[in-house]
Amino acid sequence: MTSHTTDRLHITQVSRRSGLTTATLRFYEEQGLIEAAGRVGGKRVYHRHILRRLAFIAAAQRVGLSLPEISEALAPMPLDHAPTPSDWNRLSAPWKERVDAAIAGLQNLRRSLDDCIGCGCLSMKTCSILNPEDAAAAEGNGARWLR
């Protein structure tokens, strides 16, 4: 690469550094999540700061956001330079509520497991996990559904 392109990475370099396939990078580009800086020798090149954007996308997916939700979150962010730490903090703030809700749900599930194991009968009538409030009773005897 020439000196004016030292801030650019070929698609294969971005793939290697981000852990994403080149097909995924092209897909993200089609979806408007990322933008190529152009082409060199017929191959896509990206500004180096794209790695931060890709890290943001990966973090958002780990939190459980869909690609449309990620796209919406990234819409106000610039494509031509790396967002600032305050930009990232502002974007991720609502995710903390989602993570907290997931943690609370898992803690409730854990407590339910303790209750279930503690009762010893695994009753489909009283089981707070598989049959909360005996909701399956109206469907007849025996196991009717499992989650």
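The values are calculated or read from the model by the stated rules, or taken from the named source; none is laboratory data. The model shown is predicted, which means the values in this text are computed figures rather than measured ones. Please note: Cβ atoms are built from the backbone with ideal geometry, for glycine as well, and neighbour counts cover all protein chains shown. Note: areas computed on protein heavy atoms with side chains; ligands, DNA, RNA excluded. Shrake-Rupley method; radii C 1.70, N 1.55, O 1.52, S 1.80 Å.
Structure notes:
- Answer residue from segment 18-34, given it is open to solvent by less than 50 Å² (accessible area, probe 1.4 Å) and farther than 17 Å from Asp80 by Cα and is farthest from the chain's Cα centre (by Cα) among those: Thr22
- Members of segment 54-80 that are in a loop (DSSP other than H, G, I, E, B) and closer than 16 Å to Lys96 by Cβ: Gly64, Leu65
- Figure legend. Inter-residue proximity from segment 62-90: first residues within 15 Å of Tyr28 (Cβ to Cβ) and β-branched (Val, Ile, Thr), second residues at pLDDT 90 or above and open to solvent by 70 Å² or more (accessible area, probe 1.4 Å), beta-carbon distance below 8 Å, spacing 6+ or different chains. Indicated pairs: Ile70/Gln61.
- Pro83 being in contact with a Phe, Trp or Tyr (Cβ under 8 Å, 6 or more places away or on another chain) and either on the phi < 0 side of the Ramachandran plot or not in a helix (DSSP H, G or I) (or both): yes
- Among (1) out of contact with any helix residue (DSSP H, G or I) (no Cβ under 8 Å at 6 or more places or on another chain); (2) at pLDDT 80 or above, the one test that Leu146 misses: (2)
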